[in-house]
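See below for the structure under consideration.
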Amino acid sequence: MKKNGASAPRLDPAVAARVRGDFVFRALVLVLSLVATIPLLLILVFIIVRGASSINWQFISELPKPMGEPGGGISNAIVGTLLLVIIATVVSVPLGVIAGIFLSEHGKSRLGNVARISVETLMGIPSIVLGIVAYVWIVRPMGHFSALSGGLSLAMIMLPVITLSTEETLLMIPLTLREAALALGVSYPRTILRVILPAGMSGIITGILLAVARGAGETAPLLFTSFGNPFMTVNILKPMASLPHTIFTYATSPYPEWQTLAWGAAFVLLVIVLTLNIVTKLVTSRWKIQF
Amino acid sequence: MEDTILSAESTILETRHLVAGFDGKDVVKDISIAVPAGRITAIMGPSGCGKTTFMRCINRMHELVANAQVTGQVLLDGEDVYKLNPILLRRRIGMVFQRPNPFPTMSIYDNVVAGYNLNGARLARVDRDRIVEETLRRVTLWDEVKDSLYRRGTFLSGGQQQRLCIARALAMKPEIVLLDEPTSALDPKATAAIEELIVSLKGVVTIVQVTHNIPQAARISDYTAFIHLGELVEFGPTKTLFTVPRDKRTEEYLSGKFG
């Protein structure tokens, strides 16, 4: 920049104005991008500072202690969150992927339009409402809270994410690929299952992982479905602890020890969600299919 | 004169009063031709004249498009293809597209035998190896890829990819191979290689090739059909059609007055 000023021939004023505009715009873009990352950085720093100190093997492997006893862990909540997410994944992935295939294949039909609007609406429904629905459908008839109802309410949150990302991925796959298979005398179902789906696999997996990351962090619907449980359980018909719910209970309690535990639980949850997001990025770049 | 030459050949494929189009609008208007077995037949005409649609009626790919319609007959060895199962029909009539489209998830090896694998046919390893080598030699790709058979087909150059796609079609041992402007996305050198390959397939398999490249039709085809605005203007031996066209429109097209 400096040598331009003194020795180089002076720029035409119009060109100089454009160069200045270019510089201002670039600076603006850079600054705003940095600003956008500030909230995340603050959250990370805050949670690491407050939460990391309570992380140790005991915290991860032990059950919560009764009020007044020092120590104790959140192993029940970690196991609970994993189970809840597994239930939600088992239910939502097949449904979501199949619905996504349907939308990408017959999205312009009447049923396709109805399905898409339904899925998009489901995406916009607040998660607490889905929790109430699971409460009315499952908890009330069963008579008690259960991990099953929690998993299903998470499934309703994950379903539209998976469906729409599957549809979007499959729509990007070139028509020529499908024609190549059909022209070889491959039947339509086999073309979908063995050519189109594998070609879109990285996008579909990305969608699933993002949905899992979202489901793992949901709290509201779990308040009246899986509820919470101070003991370890793997019975999905029983109330079950989960990280978000543990954070909620401990953080709103008046006891400083419990509040510290809440920070630790938040840290664990954050690590899980961040890991999922990083794995997603890796999957996208490693399995990227070039057409 | 033309009729006597055509009748000296045995016909493998025949269209009778074929009318096809989209949304009630006809793109192909009443085309009847007889394609001789083992020869190269070029379907030539300006862009948008309906030649690709015509060709896609032969292996029933046309009907896959929404709102497509077709009437008339297409006879393969005397059988009406619209009475056959389209899946079985397409195993007998291979197709190569404008742009090379190898399966991106598959290796070169798997691309060649994709027709078998995707259809769930179980081939012994030795048979598969044999088909792959034979077919890749057939399309003169073997020497270039024999050391990288298990790499993805999409790493190849455009011309190599197109030869791979021809191999994929040939591996199914089809009676006819349809080529839809197979060189339009390739550079001159790759084009020459493909043309040479097509000529070498003469006698092995019947070839129907769509092209809007007039010199190419003249160079490689035995018979040429000229289609204009969806109608068959003229069909005959390439030499005759290019030297003494009977129709004024053919002459004008060949001399570059339109198209």
Exercise. Out of B:178, B:232, B:186, which single residue is open to solvent by 10 Å² or more (accessible area, probe 1.4 Å) and either in a strand (DSSP E or B) or in contact with a His (Cβ under 8 Å, 6 or more places away or on another chain) (or both)?
Worked result: B:232
Exercise. Across region A:166-216, what is the number of residues that are under 18 Å from residue B:116 (Cβ atoms) and among the basic types (Lys, Arg)?
Worked result: 2
For this session: Report yes if some residue within region B:48-56 is assigned to a helix (DSSP H, G or I), under 19 Å from residue B:84 (Cα atoms) and within 14 Å of chain A (Cβ to nearest Cβ); otherwise report no.
Result: yes
Exercise. Within region A:58-77, which residues are part of a helix (DSSP H, G or I), open to solvent by 30 Å² or more (accessible area, probe 1.4 Å) and not polar (S, T, N, Q)?
Worked result: A:60
Problem set entry | Options B:204, B:210; residue that is assigned to a loop (DSSP other than H, G, I, E, B) and either more than 14 Å from chain A (Cβ to nearest Cβ) or among the aliphatic types (A, V, I, L, M) (or both) | B:204
Seminar exercise, completed: Per the filter on region B:139-172, residues within 12 Å of another protein chain (Cβ to nearest Cβ) and free of Cβ contacts under 8 Å to residues at least 24 places away in the same chain are B:155
Exercise. Quick check: anything in region A:170-183 in contact with a strand residue (DSSP E or B) (Cβ under 7 Å, 6 or more places away or on another chain) and small (Gly, Ala, Ser)?
Worked result: yes
For this session: Evaluate region B:80-89: report whether one residue or more is at the interface with chain A (Cβ under 8 Å from one of its Cβ atoms), open to solvent by less than 30 Å² (accessible area, probe 1.4 Å) and in contact with a helix residue (DSSP H, G or I) (Cβ under 8 Å, 6 or more places away or on another chain).
Result: yes
Exercise. When only residues in region B:104-121 that are within 19 Å of the chain's Cα centre (by Cα) and facing another protein chain (nearest Cβ under 9 Å) count, which is surrounded by the most Cβ atoms within 10 Å (Cβ to Cβ)?
Worked result: B:115
Exercise. Since residue A:186 meets every condition but one in (1) in contact (Cβ under 8 Å) with a residue 60 or more places away in the chain; (2) in a loop (DSSP other than H, G, I, E, B); (3) among the aliphatic types (A, V, I, L, M); (4) within 14 Å of chain B (Cβ to nearest Cβ), which condition does it not meet?
Worked result: (1)
Problem set entry | Among (1) touching a residue at least 60 places away in the same chain (Cβ under 8 Å); (2) assigned to a loop (DSSP other than H, G, I, E, B); (3) within 14 Å of chain A (Cβ to nearest Cβ); (4) open to solvent by less than 40 Å² (accessible area, probe 1.4 Å) - the single one residue B:95 does not satisfy | (2)
Problem set entry | Odd one out for residue A:265, checked against (1) within 21 Å of the chain's Cα centre (by Cα); (2) more than 14 Å from chain B (Cβ to nearest Cβ); (3) surrounded by fewer than 22 Cβ atoms within 10 Å (Cβ to Cβ) | (3)
For this session: Look through A:29, A:24 and report the one residue that is within 30 Å of residue A:169 (Cα to Cα), part of a helix (DSSP H, G or I) and at pLDDT 95 or above.
Result: A:29
Problem set entry | Residue among A:180, A:199 that is aliphatic (A, V, I, L, M), over 16 Å from residue B:87 (Cα atoms) and surrounded by 18 or more Cβ atoms within 10 Å (Cβ to Cβ) | A:199
Exercise. Do any helices (runs of 4 or more DSSP H) entirely within region A:215-291 hold 3 or more residues that are assigned by TED's automatic domain parsing to the domain that holds residue A:91 and out of contact with any helix residue (DSSP H, G or I) (no Cβ under 8 Å at 6 or more places or on another chain), and if so, which?
Worked result: A:256-286
Problem set entry | Residue check for residue A:141: within 14 Å of chain B (Cβ to nearest Cβ), in a helix (DSSP H, G or I) and open to solvent by 20 Å² or more (accessible area, probe 1.4 Å) | no
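The values are calculated or read from the model by the stated rules, or taken from the named source; none is laboratory data. Quick caveat: nothing in here was measured; it's all calculated off a predicted structure. Glycine gets a Cβ as well: all are built from the backbone with ideal geometry, and neighbour counts include every protein chain shown. Side chains included, ligands, DNA and RNA excluded: accessible areas come from the protein's heavy atoms. Shrake-Rupley method; radii C 1.70, N 1.55, O 1.52, S 1.80 Å.
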